[in-house]
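To keep things clear, I will list the structure first and then write my remarks on it.
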Amino acid sequence: MAAILEIDNLTTNFYTEYGTVKAVDGVSYYVDEGEIIGLVGESGCGKSVSVLSAMQLIQTPGKIDSGRVIFDGEDILQYDSKGEKMRSIRGGKIAMIFQEPMTSLNPVLSICRQLTEALEIHLDMDIQSARERAIELLSMVGVPEAAVRIDDFPHQFSGGMRQRVMIAMALSCNPALIIADEPTTAVDVTTQAQLLELMNDLVTRLNTSLIIVTHNLGVVARYAQRIYVMYAGRIIESGPSEEIFENPRHPYTIGLMRSIPRLGEKRGGRKLIPIDGMPPDLIFMPPTCAFLPRCTYKTKQCQEEPWPALRQVGEKHRTACFVDIGEKE
Amino acid sequence: MTAYIIRRVIIGFIILLLVTMIVFLFVRLLPGDPLIVYMASYDISAQTIDEETYQYLLAKFGLDRPIPVQYINWLGDIFRGDLGKSIVLQEDITTLMANVMPRTAYLGAISMIIGTGLGVLFGIIVALRRGTRTDTIITFMANIGITVPQFWLGILLMYFFAYKLGWLPTSGWTSPFDDPLMHFKQIIMPVICLSAAGMSGMCRLTRSCMLEVMRQDYVRTAWAKGLGEKMIVFRHQIRNAVIPIVTVLGGTLGGILGGAIIVENVFAIPGMGRLMVSGVFDQDYQIVQAGVLLFGGIVIFSNLVVDITWAWIDPRIRYD
Ligand SMILES: Nc1ncnc2c1ncn2[C@@H]1O[C@H](COP(=O)(O)OP(=O)(O)OP(=O)(O)O)[C@@H](O)[C@H]1O
Ligand SMILES: [Mg+2]
């Protein structure tokens, strides 16, 4: 299987008045054709910035300082960010779904207009056929009475319905990859489950690749084939989902696992342990491992040597930790 | 929506009533007497007049009644379409206004269109080029434009363009039908004066609204869809940015009407503003009252139009 998108050593900084925020610091990941991967980590660890960088959607004071984003064999970071080539990729070949259903749709444009504009530019549809296709898309994502509701405005839709519209919009031009940046964080749990099932169904059916960005481990466990765990702007562990869940090898991942309840677990059975401390300030990063102050496994080596690179611990399993945390404890 | 409009119209009437009441009272409380000015126009000095004649004149103009009664009478006349008669000029105010108002309306409309049009345009340009030299210069000028007093700007323009350079006539009014070129030359400076503040305010407001809108999530969505910058600016940003802009249009019009009072006097334009100022100086109650009624009515009406337009632009707003 060939990687549909490969991010290689991506570095994005924000040059603020307080200093340089190293939001994404040498991150690499890839997604195969038809694959679903999960990108997890605490709030502020650089998940969104990494995917927005791939689409060249970073605004000042942010700047992509190095790295490559290979799509279809070409480094799309070389494209002019407002140019023709980049625009044909955005929405056409790689689509995005954002976190905030309430603010991600334009309040003064009808749902129809917002769905059809991508169809018009990427698929050269005329207004009439774009409208028909938009209605089709809306019913596909489960909006009832799509033919009527198509002319509504975003404020007439509930949060969950708007997120369905976002999904329809993302699917509209048959992209090869969809990046969903916390698509369900802002909706209630039932809606969340419905939306995830819907997305999963559709991308599986259409053989679209999907990157799910989330801080909800349950979500990735259920849908993602592989997981990347980010911490303070870097990937600190990656591997197939089962492997990460069964056998986490980075203290941060282990901490994450302990801090979430598992399905089928007896009430009061296992104690949930939150990770102590706070993630580091991305402006003043320590030269050593960034997780060190919060780590319960730390050794002398961790305090003396710079942040460890990812190393192989299983066939497809890699971790950025010096310590060999054994198989299970 | 209809209910909303009816409610707004009723509120508008109440405001207008209050405003005219206050003005009615205050012009009468001011020291001075329109009858003295009236008599002066007949070369009669105030000292030589006998009490009897004075009482006769008071009764003639209905000024002998208590103020509330005068007000009610005046209001009754208004509803009959009669704005009253100027005490000093001895002419029907309806006729006086019909002569001068078109000039003020004309200058006001031009200033309004130029002020808002260019203001919004400059605002969009500087927002798209924020941080560049264009931005710095235009924003700086807009800040000056907001603070500079109109009479001072008028005199300054006059000094340079009329007195120093001699490019434009100092002041005056020529009908466009008599001499279009002269007309054009004469209105340049008044229009600049009238539109400067509105244009500057509009430019600053547009700039900040555009910058605000550019940061919105839906603009990021539009970029993520692969739209080009032009389409994003015109379809996604401007419509959202103009929503707050539309709301200040009523205020801008009010500013221009108020400005007309000063600018018409600086540039000797026989318009409504000039008439009102002479009305104030002569204590010509009727003219002041009618002028306030007219300007107040225009401002209230335009604010209503603005709010309806607002609902039309922003689908989230539905009045009921
Ligand atoms: N415009 C900006 N200016 C300065 N710093 C920024 C800006 N945008 C993002 N950052 C910084 O980049 C870091 C990564 O942000 P990012 O949005 O990628 O986090 P995230 O992992 O997506 O978090 P969340 O789960 O809350 O969405 C944050 O620490 C943030 O402070
Ligand atoms: Mg995020």
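Would it be correct to say that A:V219 is of a type in the set (A, V, I, L, M), away from chain B (no Cβ under 14 Å), assigned to a helix (DSSP H, G or I) and within 16 Å of ligand 2 (Cβ to nearest atom)? Judged against the criteria, A:V219 is a match.
For region B:189-233, what are the residues that are among the basic types (K, R) and surrounded by 22 or more Cβ atoms within 10 Å (Cβ to Cβ)?
Once the filter is applied, which keeps residues that are among the basic types (K, R) and surrounded by 22 or more Cβ atoms within 10 Å (Cβ to Cβ), region B:189-233 yields B:R207, B:K225.
Conditions tested, residue by residue: (1) over 13 Å from the mean Cα position of the chain (by Cα); (2) assigned by TED's automatic domain parsing to the domain that holds A:V213; (3) modelled with pLDDT of 95 or more.
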site	(1), (2), (3)
A:G26	yes, yes, no
A:G34	yes, yes, no
A:G41	no, yes, no
A:S53	no, yes, yes
A:I58	yes, yes, no
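Taken over region A:30-66, the criterion of being within 16 Å of ligand 1 (Cβ to nearest atom), assigned to a strand (DSSP E or B) and surrounded by fewer than 21 Cβ atoms within 10 Å (Cβ to Cβ) is satisfied by A:G62, A:K63, A:I64, A:D65.
May I ask you to list the residues in region A:175-196 that are within 14 Å of chain B (Cβ to nearest Cβ), within 16 Å of ligand 1 (Cβ to nearest atom) and at negative phi? Residues satisfying the conditions are A:I179, A:A180, A:D181, A:P183, A:T185, A:A186.
Just checking, does region B:299-315 include any residue being over 24 Å from the mean Cα position of the chain (by Cα) and not in a helix (DSSP H, G or I)? Yes, region B:299-315 contains at least one residue that is over 24 Å from the mean Cα position of the chain (by Cα) and not in a helix (DSSP H, G or I). Being out of contact with any strand residue (DSSP E or B) (no Cβ under 6 Å at 6 or more places or on another chain), within 16 Å of ligand 2 (Cβ to nearest atom) and among the hydrophobic types (A, V, I, L, M, F, W, C) holds for only one residue in A:M125, A:M140, A:M96, A:M102, and it is A:M102. Taking into account only those residues within region B:211-226 that are touching a helix residue (DSSP H, G or I) at 6+ places or on another chain (Cβ under 9 Å) and of a type in the set (K, R), which is nearest to the other protein chains (Cβ to nearest Cβ)? The selected residue is B:K225.
Being in a helix (DSSP H, G or I) and within 16 Å of ligand 2 (Cβ to nearest atom) is a property that holds for A:M166. For region A:197-213, the criterion of being within 16 Å of ligand 2 (Cβ to nearest atom), touching a strand residue (DSSP E or B) at 6+ places or on another chain (Cβ under 6 Å) and either without any contact (Cβ under 8 Å) to a residue 40 or more places away in the chain or more than 14 Å from chain B (Cβ to nearest Cβ) (or both) is met by at least one residue. Within region A:197-237, if we keep just the residues that are charged (D, E, K, R) and away from ligand 1 (no atom under 12 Å from the Cβ), the residue that is farthest from A:F14 (Cα to Cα) turns out to be A:R205.
The number of residues in region A:88-107 being at the interface with chain B (Cβ under 8 Å from one of its Cβ atoms) and within 15 Å of ligand 1 (Cβ to nearest atom) comes to 5.
Scanning region B:146-160 for residues being touching a residue at least 24 places away in the same chain (Cβ under 8 Å) and either within 26 Å of B:R204 (Cβ to Cβ) or outside the structural domain of B:G119 (by TED's automatic domain parsing) (or both) gives a total of 8.
Scanning region A:28-58 for residues that are away from ligand 2 (no atom under 14 Å from the Cβ) and closer than 11 Å to A:M230 by Cβ returns a single hit, A:Y29. Among the residues making up region A:238-252, none is within 16 Å of ligand 1 (Cβ to nearest atom) and of a type in the set (V, I, T). Quick check: anything in region A:15-23 within 14 Å of chain B (Cβ to nearest Cβ), within 12 Å of ligand 1 (Cβ to nearest atom) and touching a residue at least 60 places away in the same chain (Cβ under 8 Å)? No: region A:15-23 contains no residue that is within 14 Å of chain B (Cβ to nearest Cβ), within 12 Å of ligand 1 (Cβ to nearest atom) and touching a residue at least 60 places away in the same chain (Cβ under 8 Å).
Whenever a residue of region A:33-53 is touching a residue at least 24 places away in the same chain (Cβ under 8 Å) and away from every other protein chain (no Cβ under 14 Å), its partners that are within 10 Å of ligand 2 (Cβ to nearest atom) and charged (D, E, K, R), lying with C-beta atoms within less than 6 angstrom and at least six residues away or across chains, give the pairs A:L39/A:K47; A:G41/A:K47. Within region A:120-148, the set of residues being in contact (Cβ under 8 Å) with a residue 24 or more places away in the chain and more than 14 Å from every other protein chain (Cβ to nearest Cβ) comprises A:R133, A:L138, A:M140, A:V141, A:G142, A:V143.
The values are calculated or read from the model by the stated rules, or taken from the named source; none is laboratory data. On a predicted model such as this, the values are computed, not experimentally measured, just so you know. Neighbour counts run over all protein chains shown; Cβ positions are idealised from the backbone, glycine included.
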